[in-house]
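Rule-based calculations on the coordinates, nothing more; no lab input. As the structure is a prediction and not an experimental result, all values here were calculated from the model. Note: ideal-geometry Cβ built from the backbone for every residue, glycine included; neighbour counts use all protein chains shown.
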Amino acid sequence: MSKRHVVAEGEGISSIAERNGFFPGSLWDHAENAELKKLRGDGNILKPGDVVFVPDLQPRVDPVATGKTHVFRKRGVPAKFRMRLLRDGQPRADEAFTLTVDGREIQGKTDADGRIEADVSPLAREAMLQIGDAEVRRISIGVLEPITEIRGVRQRLRSLGFEWGDGIDADATLRRAVQRFQHRVNLPCTGEVDEPTRKRLEAIHDHAEAFPDLPPLFGEDAQ
C-alpha cells in the first residue's frame, strides 16, 4: 500500500527507493513528491523529518523467449560514489587510492580531473578512503542534510577539510572552521554562517566543477 515515509537521519531517496522496491528516479519524480523536490532540489540531500510519498508497487511483465537466459538489471543499483580530490585548487590526477565500502575494497587511480567514481550499494553508509600510503579519511555516505541546516553546514565543512571538531565547545570550533573557509574563499572572516557563506559553501561542495579555486580535501586548512 502507498504510504508517507518520514525521513530518518542518514536516509536519501536512493536508500528509501531501494528499501521499497523502486527506482530512485521514479520515486523522486512522483507528482506527490513535487513540493519536496522543489524544496530540496536533490533527492539525496534530505532533512530528517521530511516526508517522501511512496506509492503502491505496480507489477511489471516483460515477455521473453523461452529456452534462453535473460538478464535483468535494476536501474539505480548500484549507486555511484563520486568524489574529486584537489590540492591548492589543482586536481590530484593519477593518484592511487583504496576505497573500502561494506568490507569491499575498490582500488584505482584518480582521473585527469582528480575524480574518483565507484559503484556502491544504495544502502551504504560509510566508506574509508586511503590516498597513497599516508592519507586516510572516513567518509559518511547518504547523510548530507540541506545547507539551510547547521548540520548540513558542518557536514560540508568537514568534507572539504575544514574540520569543525567534536570538542566541548562545538559553537567555537564551528566558528573557527567557518573563519578558515571564509578566509580561503575571500569572504569576510566573521565566523558567522551568513547567506553569502552558505551559498559559497554549497556551490563549492555540491558543484565543485564550477570553481577553480577549491580548497583541498586533505590539506593545511584541516589543521
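For a 29 Å ceiling on Cα separation, which of these pairs sit above it: Lys38/Lys80; Lys3/Lys199; Lys68/Lys109?
As for pairs spanning more than 29 Å Cα to Cα, those are Lys3/Lys199; Lys68/Lys109.
Compute the length gained on full extension between Glu105 and Met1: take 0.36 nm times their separation in residues and subtract their Cα-Cα distance, giving the result in nm to one decimal.
Contour length minus the Cα-Cα distance gives 33.6 nm.
Using a Förster distance of 45 angstrom, determine the FRET efficiency expected from the C-beta separation of Thr173 and Ser26, and round it to 0.05.
Approximately 0.65, to the nearest 0.05.
Run the simple label-point estimate for Lys38 and Ser140 please: 7 Å along Cα→C-beta, distance reported in nm.
Going by the 7 Å Cα→Cβ label model, 3.0 nm.
Once you put a point 7 Å from the Cα of Thr148 and another 7 Å from the Cα of Glu9, both along the Cβ direction, what distance in nm separates them?
2.1 nm
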